[in-house]
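Taken together, the values in this text are just the output of simple stated rules run on the coordinates, not laboratory data. These figures come from a predicted structure and were not determined experimentally. A quick note on method: Cβ atoms are made from the backbone with ideal geometry, for glycine too, and the neighbour counts reach across all protein chains shown.
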Amino acid sequence: MKERTKLLLIAGVFLAAYYIPWGHPVIRQSGLEAFIMLQEYTREHVLTCLIPAFFIAGAIAVFVSQASVLKYFGARASKILSYSVASVSGSILAVCSCTVLPLFAGIYTRGAGIGPATAFLYSGPAINVLAITLTAKVLGWQMGLARAVGAIIFAFVTGLLMALIFRKDDAARTTGQIYVPDTDTRQRSLLQDSLYLLTMVLILVFASFARPAAGATSFWPMIFAYKWYITAAFLMILVFMVKAWFTKDECVNWVDSTWGFMKQIFPLLIGGVLVAGFLLGRPGHQALIPEHYVQTLLGGNSLWANLFASVAGALMYFATLTEIPILQGLIGSGMGKGPALALLLAGPALSLPNMLVIGSVMGVKKTAIFCGIIVIMSTIAGLIYGSFAG
Amino acid sequence: MEIKVLGPGCTRCQQTEKIVREAVAEVSVEAQIEKITDTMKIAGYGVFGTPAVVIDGEVKSVGKIPSAEEIKAWLKS
């Protein structure tokens, strides 16, 4: 950080502290909402959902071989395979856009071309494990599922459309040697790796198992009653697997990469929750932004509300996962389910700073069309989801 | 020799640069170390993953933080 930026930052904080009318009842209420919302997150979501999800993300980063995925992005890879892999690979390869952009540039200039590159560019930040789990936990499993399915379909369709629109200049790509991360020698079979990941996913599912609605059939309340025993049993299985199958170095790497994600994402998420709480408040509680503004702009399921949500989402920068508390605040203030999904689908993949980098890689025209496709599809997906979910 | 550390401003890339600098200081070889953050330049090396380390035009590691021992071995060869 430059010295001048630091000065500006300090001056900004000073001016805010000086001039904001902290004693005003609305500001007081908003400040309180911010911290109550933070407490809600730490109590409800961190231990049972985020921590297991971080361990899963860490395990994926360390144990899933990137090379095995990246070989599908080479210039000579089969087209259908590279589109399919690109659409789902976000869940394996990327948690933040800092790994996505260089890889995107590589696939675009030297690898499989504009189609798979843009498919990957979209899917990377949109369908990572952390984002989907936290969406499902905070906003409900329907929204989590809609986000995951929507993101995969979007990635595929966006890639195909881009390749179709720009099929002529794909030939201009340079060819040359490409370097993918090394495949490390491994002692475990694919089955062992899958079982190990599956166990962690099951721990996550049972640990964050929601209290079923009153009057539900006997099955769900029974699981809920025994959820801690089930979780503990899976934890024991996990400990056994780790002891039997993994070397000490691998465990250290796993914990290291989990810790890396936590360091990177927790502060951002806490900031995001505080901002969301301050501006929007918890559902049913008033904060800084009056609810009728949100209701007029984003309420219901009109074409306008969905379009506004996707354009706003496309322009705004959301640090990893912060879109979720912000969306929770918006929904609480009266945003419709459809516009919420539109924002989730357009938001994390696009932002103004991100567009500038993409523009420097593939030019203004292609970037504009890429963003246009995503905004239009997000709007349509929002309309469809909104008409089902109400 | 000329060492380039490729990667945008993510923490893993900064860590790699730090380890490279330490290794160079320890082995005490003549080396210019440059951090490359421009996405197109990174792609120009053909690396499919960051952080990456390039020594004298040769790609040495991709998509991981190399250990100090590995870097020293590259510096000596």
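Give me the Å³ per residue figure for the convex hull around the C-alpha atoms of segment A:310-390. Walk me through the numbers on the way to the answer.
Details: hull volume 5.7 nm³, N = 81.
For segment A:310-390, the hull spanned by Cα atoms encloses 70 Å³ per residue.
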Length-normalised contact order of segment A:232-390 in % [C-alpha pairs under 8 Å, at least 6 apart]: 25 percent
Neighbour net charge for residue A:51 - beta-carbon separation under 14 angstrom, K R +1, D E -1: +2
Mean Kyte hydropathy of -0.5 or more with a Cα span along the axis of at least 30 Å, helices from DSSP in chain A: A:141-165, A:248-280, A:352-389
Relative pair counts by distance (%), Cα atoms of the protein assembly as shown, 20 Å bins: 22, 54, 23, 1
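Within a Cβ distance under 14 Å of residue A:241, other residues only, what is the Lys/Arg minus Asp/Glu net charge? List each step's numbers first, then the result.
On the way: positive: A:188, A:243; negative: A:193, A:250.
With Lys, Arg at +1 and Asp, Glu at -1, the net is 0.
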Lysines with Cα under 19 Å of residue A:79, excluding same-chain neighbours fewer than 8 positions away: A:71, A:168
5 angstrom amide H check on residue B:35, placed H, neighbours 5+ away: B:5
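Would you tally the net charge around residue A:300, using a Cβ to Cβ cut-off of less than 15 Å, leaving residue A:300 out, and scoring K and R as +1, D and E as -1? Let's see the in-between values first.
Details: positive: A:337; negative: A:291.
It works out to a net charge of 0.
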Shielding of A:374-381 by partner chains, average beta-carbon count, 10 Å: 0
Candidate lysines for bridging to residue A:137, where Cα separation is under 23 Å - those fewer than 8 sequence places away on the same chain excluded: A:227, A:263, A:337
Karplus 3J(HN,Hα) series, Hz, for segment B:25-31 with 6.51 cos²θ - 1.76 cosθ + 1.60 (x for Gly, Pro): 4, 6, 7, 6, 10, 6, 7
Residue with peak Gaussian network fluctuation, chain A [Cα springs, cutoff 10 Å], from A:379, A:118, A:48: A:48
Cross-link partners of residue B:76 among lysines (Cα-Cα below 17 Å; sequence separation of 8 or more within a chain): B:4, B:60
